[in-house]
1. Here is a list: A20, A68, A50. Which entry is touching a Cys at 6+ places or on another chain (Cβ under 8 Å), assigned to a helix (DSSP H, G or I) and at pLDDT 85 or above?
2. Residues in the stretch 24-32: is at least one modelled with pLDDT of 85 or more and surrounded by fewer than 21 Cβ atoms within 10 Å (Cβ to Cβ)?
3. Give just the number: which of (1) at positive phi; (2) buried (at least 18 other Cβ atoms within 10 Å of the Cβ) does E35 not satisfy?
4. Taking A30 as the residue in question, decide whether it is within 14 Å of L99 (Cβ to Cβ) and outside any helix (DSSP H, G or I).
5. Here are G42, G85: which of them is at pLDDT 85 or above, surrounded by fewer than 16 Cβ atoms within 10 Å (Cβ to Cβ) and of a type in the set (G, A, S)?
6. Please enumerate the residues belonging to the stretch 31-50 that are of a type outside the set (V, I, T) and touching a Phe, Trp or Tyr at 6+ places or on another chain (Cβ under 7 Å).
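The values are calculated or read from the model by the stated rules, or taken from the named source; none is laboratory data. These numbers come from a predicted model, not from an experiment. Positions of Cβ are generated from backbone atoms using ideal geometry, with glycine treated the same way; all protein chains shown enter the neighbour counts.
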Amino acid sequence: MEQSVVGGAAYGMLFVLGLAMGVIGGFSHAWTEWEIPIAAIGWLIVLFAACLAAGKMMRSKLGASVLAVGWLIVSMAFSYPRAAGDLVITGGLPGVLYLYGGAVVMVVAFLLSPSSPKSGSWLLYGQKADIK
């Protein structure tokens, strides 16, 4: 029972981390220097590293997926125009790079994550996994 609770809490926190990364990245991705979208490129690196780390630490593709879904929910909501015409993530180079590049790096991180939790989660280190 405790394995389920700890695993569920870990996946819940990964989802919240994805939401937080989406909010912070959505408002900070547009910073450029000499016409180079520095912040968007930095966010691509951070998103890839976070998704890959989540997948490897949870020892399953679900770890990377949960974080990616949290980020996608916020990022897609921020890219949708409001009734007043306001956008958080615009269609310029930084916005396009952040949205599409973020989706691509998350798919790559998902593909590089382990397929199944053969030895259990890192949270349950030292305990046997119930794999049948």
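1. Values: A20 fails: touching a Cys at 6+ places or on another chain (Cβ under 8 Å); A50 fails: touching a Cys at 6+ places or on another chain (Cβ under 8 Å).
None of the others qualify; the one that does is A68.
2. Yes, because at least one residue in the stretch 24-32 is modelled with pLDDT of 85 or more and surrounded by fewer than 21 Cβ atoms within 10 Å (Cβ to Cβ).
3. It fails just one condition, (2).
4. yes
5. Numbers: G85 fails: at pLDDT 85 or above.
The conditions single out G42.
6. Residues satisfying the conditions are A39, A40, W43, L47.
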